[in-house]
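See below for the structure under consideration.
Nothing in this text is a laboratory measurement; each read-out follows from the coordinates by a stated rule. Fair warning: this is a prediction, and the values are worked out from it, not measured in the lab. Reconstructed Cβ throughout: ideal geometry from the backbone, glycine too, with neighbour counts over all protein chains shown.
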């Protein structure tokens, strides 16, 4: 297997040379970058290698992203048996693929394209660049300007704007902006993409975000903040996990807060945690302590225990980077 960090582009022509079928998939609860990078790559593969049957497997497509070309052909339930080539995007291991992990395990050749600094690939070939702001940015570089048409550009631009917070997150680089400009030159409606993919929310999404913010609690001498959304609340507001995007980022935009933790109850004594931070805290280290991962300023993990226990565990890890003498207060 290749080293975890590979700066050279992989050779798609070589990978696809003898393939009769291939599959593209991404992580559980796919976000905009996962969906955009998967669709962008799949659209390219179908265009460049029409003899190869190319399928896309994702758990679901968020309603606000269904305007993207290719969403109508996404398969939500994995088929038995593997493929000649399997592409794993925006994650690096089978565990993060959820139900689609079977495709990685049963396919002949597996390829990872990812940008998470904590990724340890479980594939035959890996192209991981933690300096890229999104998996979609890597795919754009991999395909090259001449190979990208308007539909591919729409998918990749969507992935970039969602993972960079419309270019306001610290992961945004000059290269990110140059790639975005190139995609805009393909004739995409960039303002509509930003509006639909990042800013627009349903009434239910606005309600659950408002509830989460209202219930937030500052701790660690008011330098961190957390909030919890329970299964009961999700049923009340009739929302799914896909409707919770953006809560952790909005929570972090609180004056004086260095770390924000959003806990989403998955089941009895189990919480999915989304972490956001400023330059004082590397949340990828916190996530890694619980078997998760991500970026310096945005990461995620799963924490076991009651709500109080989960917050206490997270607080302990945050304190390792904030002043150790700070006492946890709630």
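Some values worked out for this structure:
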item	result
Ranked 164, 158, 306, criterion: other C-beta atoms within 10 Å, fewest first	306, 164, 158
Of (i) 61, 48, 38; (ii) 61, 40, 39; (iii) 52, 52, 38, the label for Cα extents along the principal axes in Å derived from the coordinates	(ii)
Share antiparallel - DSSP beta bridges, the range 197-319, percent rounded to 5	75
Gaussian network model of the chain, springs between alpha carbon atoms under 10 Å - residue of 58, 41, 214 with greatest fluctuation	214
Gaussian network model of the chain, Cα within-10 Å springs - most flexible of 63, 264, 100	63
Within a Gaussian network of the chain (alpha carbon springs, distance under 10 Å), most fluctuating of 116, 258, 27	258
Alpha carbon centroid spacing (whole Å) that separates the range 7-60 from the range 143-184	17
Gyration tensor (alpha-carbon) shape descriptor, the range 94-233, a/c threshold 1.5	oblate
Whether the range 26-140 is rounded, prolate or oblate, judged on the alpha carbon gyration tensor where a/c under 1.5 counts as rounded	rounded
Between helix 150-163 and the chain: long-axis angle, C-alpha atoms, 0 to 90°, nearest 10	20
Folded to 0 to 90 degrees: helix 174-184 orientation relative to the chain principal axis, Cα	60
Cα centroid separation - the range 248-270 against the range 74-140, whole Å	27
Relative exposure of 203, 226, judged by other C-beta atoms within 10 Å (fewest first)	203, 226
For the chain, calculated [θ]222 nm from helices alone, where every DSSP H run of n ≥ 4 adds -39500 (n - 2.57)	-10000 deg cm²/dmol
DSSP beta bridge pairing in the chain, given as percent antiparallel to the nearest 5	45
Sequence of 139, 111 once ranked by neighbouring C-beta atoms within 10 Å, starting from the fewest	111, 139
